[in-house]
Number of protein chains: 2
Amino acid sequence: MLFMARTTGSHAGITGPRVRQAALRLFAQKGYAAVSMRAIAAEVGVQAGALYNYTPDKESLLFDLMRVHLEELLAQADFGAEADPLTRLRQFVEFHIRFHADRPDEVFIAYMELRNLSPENFAQIEALRRRYEDRLETILRDGAKQGVFAIEDTKIMTLAIIAMLTGVNTWFRSGGRLSLDQVVAQYWDMVRRAVGAE
Amino acid sequence: MLFMARTTGSHAGITGPRVRQAALRLFAQKGYAAVSMRAIAAEVGVQAGALYNYTPDKESLLFDLMRVHLEELLAQADFGAEADPLTRLRQFVEFHIRFHADRPDEVFIAYMELRNLSPENFAQIEALRRRYEDRLETILRDGAKQGVFAIEDTKIMTLAIIAMLTGVNTWFRSGGRLSLDQVVAQYWDMVRRAVGAE
DNA sequence: ATGATTAATGAACACCCGTTCAAAAGCAAT
DNA sequence: ATTGCTTTTGAACGGGTGTTCATTAATCAT
């Protein structure tokens, strides 16, 4: 029993993920404040009370969605410090666009629903986001130091690039006029020029 | 009585703007769905019922704030077609940053609360925004045609530039490390490079 | 089959929502 | 002081909110 997995009496293993998935979809579609716990429960097919087997409260549902999203972002955003800055910047641009295009709902929530977090949770999410921004800024600083980039202020450049890249999510639709490959190529052109490379 | 309590009768000319101002502030701070009509009324200093002398319903309050904001944006965003594209692009960048920095609440609402509009109102706001984007795209197309800019896809470049410039609002604070003049100068550098000018 | 454990129900709690409207209160002109 | 008009009140409407919890149902180990 001590080493036995918790298989006893539950489709909790099924309901739990379904709750998070329903919350993600509804939060992204209607906004956190406009989605009731009863609406989430209805989407899952249970009563509202059952949700509290999987989350202590509504805000934790939102917070966990954001936290997991940003932790995945950080886990995958690894651009080895051995490569040259231009290569690492290209990797960053491609990674950012593809990662975000794959998760439109998570991205939307993580940017739009920050107001609904408690100050403590807000600080945690902001810290994760800051760590991601630092990955890019490190690349830019390395490139500037080596004379590969011509950048006046790496902090501004960092925020400008991320804003530009994240903006793709507001209009890109798979199956539209442009393939994601084309989008990546064009944004890489713009970023490369903006940092003054070549 | 040393302090006159708020009285009734003939304050419409004052109350109306105060309602819109309170709604703007609260919507930007807490989000549309999280702000009650009673909260807006409390900010103004009246009862909730009085608000309905100034708006038919809550959504119209939001819609009018967005509409007026975008109409002002369009009214001021006039870059004469006689100047050369590079000058007009510089004017656009400077105008966009300054106009948006002056109205953080309006900008925030107009980007974040679109979900809370009815389909008809949403379409109207989107049309206004599209007209603004077209002002920039016209500049980019003119410049590309004259060979002043090297742009593969003007539509993408338009959206990328606007996303980059609007991103300033997420971090710029008056009295911070950088003056608005410096911000304008740096973003102009980035945009000029991105479009391949010079 | 029994007992233990877990998950889900459904009702209840206290409170908040947007909106309406008759009544009251203020103002300006007579 | 009275009349006509505008503005606000305050209560009410029907319904929705997040959350709790005793009860019931479902599952698994023995």
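How about residue B:145: which lysines have a C-alpha closer than 17 Å to its C-alpha, ignoring those fewer than 8 places off in the same chain?
Qualifying lysines at Cα under 17 Å: B:155.
Between residue A:52 and residue B:166, take the C-beta separation as r, use R0 = 51 Å, and let me know the FRET efficiency to the nearest 0.05. Each step should come with its number before you reach the end.
Values: r = 39 Å, r/R0 = 0.77.
Efficiency for this residue pair is about 0.85.
Work out the length of the dipole vector of the stretch A:57-194 about its Cα centre, built from +1 on the beta-carbon of each Lys and Arg and -1 on the beta-carbon of each Asp and Glu, and round it to the nearest 20 debye. It would help to have the intermediate numbers written out before the result.
Working: 18 positive and 23 negative charges, 95 e Å.
With Lys and Arg at +1 and Asp and Glu at -1, about 460 debye.
Suppose you put the label 7 Å out from Cα in the Cβ direction; list, shortest first and in nm with one decimal, how far residue B:130 is from each other copy's label.
Result for residue B:130, in nm, nearest copy first: 4.1.
Can you send over the solvent-accessible area of residue B:193, 1.4 Å probe, protein chains only, in Å² to the nearest 10?
Result for residue B:193: roughly 70 Å² accessible.
Note the full-extension length gain between residue A:14 and residue A:146 as 0.36 nm times their separation in residues minus their Cα-Cα distance, in nm to one decimal. Don't skip to the end; give the middle numbers.
On the way: separation 132, 0.36 × 132 = 47.52 nm, distance 5.18 nm.
Contour length minus Cα-Cα distance gives 42.3 nm.
For the charge dipole of the stretch B:61-198, defined by +1 on Lys and Arg C-beta atoms and -1 on Asp and Glu C-beta atoms about the Cα centroid, which residue among B:156, B:116, B:196 has the Cα displaced farthest towards the positive pole?
B:196
Where a ≥ b ≥ c are the square roots of the eigenvalues of the C-alpha gyration tensor, would you call the protein assembly as shown rounded, which needs a/c under 1.5, or, failing that, prolate if a/b is larger than b/c, or oblate?
On the way: a/c = 1.95, a/b = 1.11, b/c = 1.77.
Because a/c hits 1.5 or more and a/b fails to exceed b/c, the protein assembly as shown counts as oblate.
Can you list, shortest first and in nm, the gaps between the label point of residue B:81 and those of its counterparts in the other copies, using a point 7 Å from Cα in the C-beta direction?
5.5
Count neighbours as other Cβ atoms within 10 Å of each site's Cβ, and list the GluC sites (Glu not before Pro) in the stretch A:75-109 that are DSSP loop with at most 10 such neighbours.
A:82
Taking Cα centroids, how far is the stretch B:27-59 from the stretch B:68-91 in Å?
Each part reduced to its Cα centre gives a spacing of 34 Å.
As a test question: what accessible area, to the nearest 10 Å², does residue A:179 have when a 1.4 Å probe is rolled over all protein chains in place?
50
The values are calculated or read from the model by the stated rules, or taken from the named source; none is laboratory data. Computed from a predicted model, the values in this text were never measured in an experiment. Neighbour counts run over all protein chains shown; Cβ positions are idealised from the backbone, glycine included. Please note that ligands, DNA and RNA were not included when accessible areas were found on the heavy atoms of the full protein model with its side chains. Shrake-Rupley method; radii C 1.70, N 1.55, O 1.52, S 1.80 Å.
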